[in-house]
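The values are calculated or read from the model by the stated rules, or taken from the named source; none is laboratory data. Note that this is a predicted model, so its numbers are computed, not measured. Every residue, glycine as well, gets a Cβ built from its backbone with ideal geometry; the counts of neighbours run over all protein chains shown. Ligands, DNA and RNA are excluded from the accessible area calculation, which covers all protein heavy atoms including side chains. Shrake-Rupley method; radii C 1.70, N 1.55, O 1.52, S 1.80 Å.
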Amino acid sequence: MRYYIIAGEASGDLHASNLMRALIQQDTDAEFRFWGGDCMQAVGGTLVKHYKDISFMGFWEVAVHLRTIMQLMRFCEKDVLRYAPDALILVDYPGFNLRIAKFAKKHNLKVFYYISPQIWAWKRGRIRTIKRCVDEMMVILPFEEEFYARNGMQVHYVGHPLLDAVTRHDRKSTEAVGFAEQCSLDGREVIALLPGSRRQEIVALLPQMLKMVPLFPQYQFVVSTVNWQPDSLYDQYLKDLPVKRVHGSVYPLLANAKAAIVTSGTATLETAILGVPQVVCYAGSEISYLIAKQLIKGIQYISLPNLIMNKPVVRELIQHDFDTRHLQEELRKITEDKSTIQAMKEDYDALYQMLGNGSASLKAADVVVNHLKNPSISNKL
């Protein structure tokens, strides 16, 4: 069968690549055309657009690039029709993907959505579009199944796909064990800095993160960088600071870290799965921040560990709270305060149990293939 997959971010690229592998196990004739990144490209198929060229975050940033986004949508619509897939699989990235879902349904294409938009946080009206345009929704957070049920739609809880990519055993992997030597680290314990993968995130967050370096000389700081951003972007902030940088997989870095400062997003959950104490941070344009405050109702947290557990497992420093004083105080707690560290790790244990038993990719592939083989059977209420 022919699958057209759209993932617009780094995390979507990772999870979509594992879904592709699972689809191949069940459909040996699977063919792929996709929007994504390096992980998906490694599986095989035709890469149409790389997510580094289509990822825009924040209300203001989207408004500025609206013309480009609309051009990308029109191109995508035409490309989908030309390919005529048996299944269109949308992975998160709701601002773009839900519009494509509407278009696809008008043309009688089968639409599958993997990793639900966070409609429980904001834009709950999107559920009407999902019910009308999505044939099967596969959700990854335990409370999402109940949320959809309350709104008259049956979905599939498949567990969190991060467990297909990272497990606690990764702390003892060969790659993790040899990390310090490969990166020429000294004997000090490591503080990991994860400033995100988008340019806007790195510009907004990395300079503040780096202010911790002279304040904690007893630790060695290592920045996780991404290969699709130019070295010059990081160079302007790192300059002569005694800070190492690592490209590629962040897991060996986290596996060797005493603590981490993490940009809100998928990395917060990866850090929790690997058992690393963390402080979560986020800052954007003031306009985007003010708009988000007005739109997001009834949600207390932004980080995945806190959202899933519905409690403050990790400290979040958002916008104006993301300053030197607060960050220094929280970093001190997660490196030196034994009670804070112990409480966080106990919550991590409970979180890990809530995420399912793995195999999210295989379960999601089951939903897609079974639906295509039995098109007359609907799993929606």
**Asked** On the accessible surface of region 155-270, probed at 1.4 Å, how many percent belong to carbon and sulfur atoms?
**Response** 50
**Prompt:** Got a sec? What order do Ile273, Ile302 fall in by accessible area at 1.4 Å, biggest, i.e. largest, first?
**Reply:** Ile302, Ile273
**Request:** Leaving ligands, DNA and RNA out of it, work out the accessible area of Phe34 with a 1.4 Å probe and give it in Å² to the nearest 10.
**Result:** 0
**Prompt:** Given labels modelled 7 Å from the Cα in the Cβ direction, how far is it in nm from Ser184 to Asp321?
**Reply:** 4.0
**Request:** Could you list which residues have their amide H under 5 Å from that of Phe221, counting only those 5 or more apart in sequence or on another chain, with H placed in the peptide plane?
**Result:** Ile191, Lys244
**Request:** Please give the direction-averaged projected area of the C-alpha convex hull for region 186-244, in square nanometres with one decimal.
**Result:** 3.9
**Request:** Within the set of other residues whose C-beta is less than 10 Å from the C-beta of Asp79, count the net charge using Lys and Arg as +1 and Asp and Glu as -1.
**Result:** +4
**Item:** In region 207-267, trypsin sites (Lys or Arg not before Pro) in a DSSP loop with at most 14 other beta-carbon atoms within 10 Å
**Value:** Lys211, Lys239
**Prompt:** Put a dot 7 Å past each Cα toward the Cβ at Ile24 and Gln300; how far apart are the dots in nm?
**Reply:** 4.4
**Message:** Here is the link list: Lys110/Lys311; Lys49/Lys258; Lys52/Lys373; Lys52/Lys338; Lys49/Lys244; Lys131/Lys373. Which ones come out longer than 29 Å on Cα distance?
**Reply:** Lys110/Lys311; Lys49/Lys258; Lys52/Lys373; Lys52/Lys338; Lys49/Lys244
**Complete:** Among [x] 82, 50, 36; [y] 53, 46, 39; [z] 63, 42, 39, the entry matching Cα extents along the principal axes in Å as calculated here is [z]
**Asked** If Lys and Arg each add +1 and Asp and Glu each add -1, what is the summed charge of the other residues whose beta carbon sits under 9 Å from the beta carbon of Tyr113?
**Response** -3
**Asked** How would you order 38-49, 8-19 from highest to lowest mean count of nearby Cβ atoms within 10 Å?
**Response** 8-19, 38-49
**Rh by Kirkwood over Cα pairs, then Stokes-Einstein D for region 103-229 at 1.306 mPa s and 10 °C, µm²/s** = 85
